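We did not get these values from a lab; they are worked out from the coordinates using the rules stated. This is a predicted model, so every value here is computed, not measured. A quick note on method: Cβ atoms are made from the backbone with ideal geometry, for glycine too, and the neighbour counts reach across all protein chains shown.
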Amino acid sequence: MQISPRQIKILNAIVEQYAEVAAPVGSILLANMFGVSSATIRSEMARLEEMGLIEQPHTSAGRVPTDKGYRFYVNQVNEANEFALTAPQINRNARAIDTRVNGAGEAVQAIKSAVDSLVTITQNLGIATIGDQLYMSGISNLFSQPEFASGTAIHEVAQLLDNLEPWLREAQPNEPLSVYIGQENPIGKTSGCTLIISRFSSPYSDRSYIGIVGPTRQSYKSVMNLVRHTGITLEAALF
């Protein structure tokens with residue numbers, strides 16, 4: 001797939017703007033961001049659409065990322081190793097997580113505090129394995145997202161959550177940070193969810209997991225940073 005530097009910048013802007021406003025991103029906004037004509041942006045968007053990286057909802061003139069577009073974006077973050085907690089907001093959030101985890105006391109409470117912190121900061125559903133059980137917090141956050149307003153969507157997400165704990169126990173993902181986007185999900189392929197999980201060692205298992213479940217519309221860079229940071233913080237606090 002041949003993609004130009006400008007097309008990458010436009011795709012990144014669509015991913016990030018859509019995460020922020022939850023509405024398809026139009027050419028006028030992007031033209032203003034990049035200082036080029038709307039016609040130029042529309043031409044580049046057409047190429048991105050041909051590559052399967054963005055799509056046009058039938059009710060809008062704007063574009064939204066596809067699962068493939070999100071994957072391209074996430075791969076860029078991974079390849080650039082953009083896990084330094086440099087942005088002031090990420091720094092503040094990381095410090096808040098550190099404070100809650102290190103002040104929690106016993107392991108169970110530390111893990112729950114870490115999950116609750118991720119829920120508050122990311123406004124997603126937070127999850128963690130504690131022994132053979134899955135702790136979840138923030139279900140109302142998940143179902144308040146516009147993507148999950150219909151009964152069918154709620155059913156799909158509920159099925160994913162029902163199967164998440166046994167899948168984690170059996171699959172035991174081995175990466176320090178794993179990101180499953182939309183149809184990449186080994187469970188709940190049609191749920192429209194993203195699963196971002198960090199592996200960490202705990203008194204219960206050397207493959208414990210903490211992370212978030214949310215819509216594919218995510219602020220990936222900051223959420224990935226915080227989930228991985230939380231896993232590292234927990235591992236350091238629990239031993």
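One table, with the values for the structure above:
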item	result
Viscosity 1.306 mPa s, 10 °C: Kirkwood-radius Stokes-Einstein D of the stretch 5-65 over Cα pairs, µm²/s	142
Order of 169, 228 under a 10 Å beta carbon neighbour criterion, fewest first	169, 228
Size of charge dipole - the stretch 132-239 - debye, nearest 20, with Cβ of Lys, Arg +1 and Asp, Glu -1, no other charges	300
Integer Hz, Karplus 6.51/-1.76/1.60 couplings in order for the stretch 147-163, x for Gly and Pro	5, 10, 7, 8, x, 5, 5, 4, 4, 5, 5, 4, 5, 4, 5, 4, 9
Value at 222 nm in deg cm²/dmol, rounded to 500, when DSSP H runs of n ≥ 4 in the chain each add -39,500 (n - 2.57)	-17000 deg cm²/dmol
Convex hull volume per residue for the stretch 1-120, taking Cα atoms only, in Å³	143
Set of lysines near residue 221 by C-alpha distance (under 20 Å), chain-local residues within fewer than 8 positions excluded	9, 68
The chain pair-distance distribution - Cα-Cα, 5 Å bins, rounded %	1, 6, 14, 17, 18, 15, 12, 8, 4, 3, 1, 0
For the chain, built as a Gaussian network whose Cα springs stay under 10 Å, the top-fluctuating residue of 158, 31, 80	80
Globularity ratio of the stretch 137-239, using Cα Rg and 2.2 N^0.38 Å	1.08
Size-normalised alpha-carbon gyration radius of the stretch 139-193, reference 2.2 N^0.38 Å	1.18
